[in-house]
Structure formats: structure tokens, C-alpha cells
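Student: Before we start, here is the structure in question, set down as C-alpha cells.
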């Protein structure tokens, strides 16, 4: 799987619990400084790997987001929050932006702006020990930022 390609990302959408094995994750981690690993399958029992394993197998270097909530990972006596990848980060913001701008459709550009704005809010940018995605309590403020960013975009004739 990962030994035949130069890869830095694993996306888990299979519901095959344990699909991201230690050898696979270690090989991936050997190819990139900050491997991105998203075991997104629900429920937690179907996740492709557990965050604690991913943390251990990558020496804490992986950027991990899961599809279901997991308890924080403890590394060197410090508790690290596990990011939960969820459409709640972007979908409400897109709804707000569409309503505020009176757009008639959601475009690819709207989704790109939303993703870029969410990415800019990543706590990991300021501190690599922080999770990839912001805290749940920050979602309303991020939705506002996404809607404002969308309003600054050039509108296409079809919107």
C-alpha cells in the first residue's frame, strides 16, 4: 500500500477497524515529517486506527483527526486533544454565507474558501503539539470568519 508510492496522507473511510496497521503507519511516518492520518469511519469501533496508536507509531508527529470522538492522547505526561473531523466546521458557515449573500447555489469556490479559512484556523499552525482542527466552542467564530471570507470572494454570474 504505502511502500509503492510517495504518500503523506491516509484517509480512512472503510469501516475496517485496524486497517491502518503499525507497519503501514510507521512506513508513512518515515516518508514525511508530519503525516496526516484521518481514521474517519464511524462508530469508534470501526475506526481504521486509534489516536493513541497513531501517536505512538509516529512519535507524536502525526496530524490526526477522527470521524468519532476519542479521549485525549497522553504523551510525556501531557494530555493532547484529538481533533474530530466533522462537517459542522464548514456546513453551517456555508449556509450562513449563502443566506447573507443571497447566492442561488453553492459553488466549488465557496467550498475552497471555506476549507482555506478553516485551515488558517488550525491550532497546529501555531503549535505543532496542538490538534489539527479548532475546539468545538470555536466553531461559531470560525463560521463567521468563513462567511466573511466568502463575502469577499468574487461572485460568479451563476451565483
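Student: Across the range 94-104, which residue is nearest to the chain's Cα centre (by Cα) among those that are in contact (Cβ under 8 Å) with a residue 40 or more places away in the chain and outside any loop (DSSP other than H, G, I, E, B)?
Tutor: Step one: list which residues in the range 94-104 are in contact (Cβ under 8 Å) with a residue 40 or more places away in the chain, which gives 94, 96-97, 100-101, 103-104.
Still in the running and outside any loop (DSSP other than H, G, I, E, B): 94, 96-97, 100-101.
Numbers: 94: 17, 96: 21, 97: 21, 100: 26, 101: 27 Å.
If we take residues in the range 94-104 being in contact (Cβ under 8 Å) with a residue 40 or more places away in the chain and outside any loop (DSSP other than H, G, I, E, B), then 94 is nearest to the chain's Cα centre (by Cα).
Student: Being over 21 Å from residue 143 (Cα atoms) and exposed (fewer than 15 other Cβ atoms within 10 Å of the Cβ) narrows it down to one of 16, 100, so name that one. Even if it seems obvious, please write down each step before you answer.
Tutor: On the way: 100 fails: over 21 Å from residue 143 (Cα atoms).
Matching residue, one of 16, 100: 16.
Student: Here's another thing I want to ask about it. Limited to the range 133-159, what total is found for residues that are at pLDDT 85 or above, assigned to a loop (DSSP other than H, G, I, E, B) and out of contact with any helix residue (DSSP H, G or I) (no Cβ under 7 Å at 6 or more places or on another chain)?
Tutor: The total comes to 1.
Student: Out of 69, 35, 92, 39, report the one residue that is surrounded by fewer than 16 Cβ atoms within 10 Å (Cβ to Cβ) and in contact with a helix residue (DSSP H, G or I) (Cβ under 9 Å, 6 or more places away or on another chain). Talk me through it step by step, then tell me what you get.
Tutor: Working: 35 fails: surrounded by fewer than 16 Cβ atoms within 10 Å (Cβ to Cβ); 92 fails: surrounded by fewer than 16 Cβ atoms within 10 Å (Cβ to Cβ); 39 fails: surrounded by fewer than 16 Cβ atoms within 10 Å (Cβ to Cβ).
When all the criteria are applied, what remains is 69.
The values are calculated or read from the model by the stated rules, or taken from the named source; none is laboratory data. Computed from a predicted structure; not experimentally measured. Note: ideal-geometry Cβ built from the backbone for every residue, glycine included; neighbour counts use all protein chains shown.
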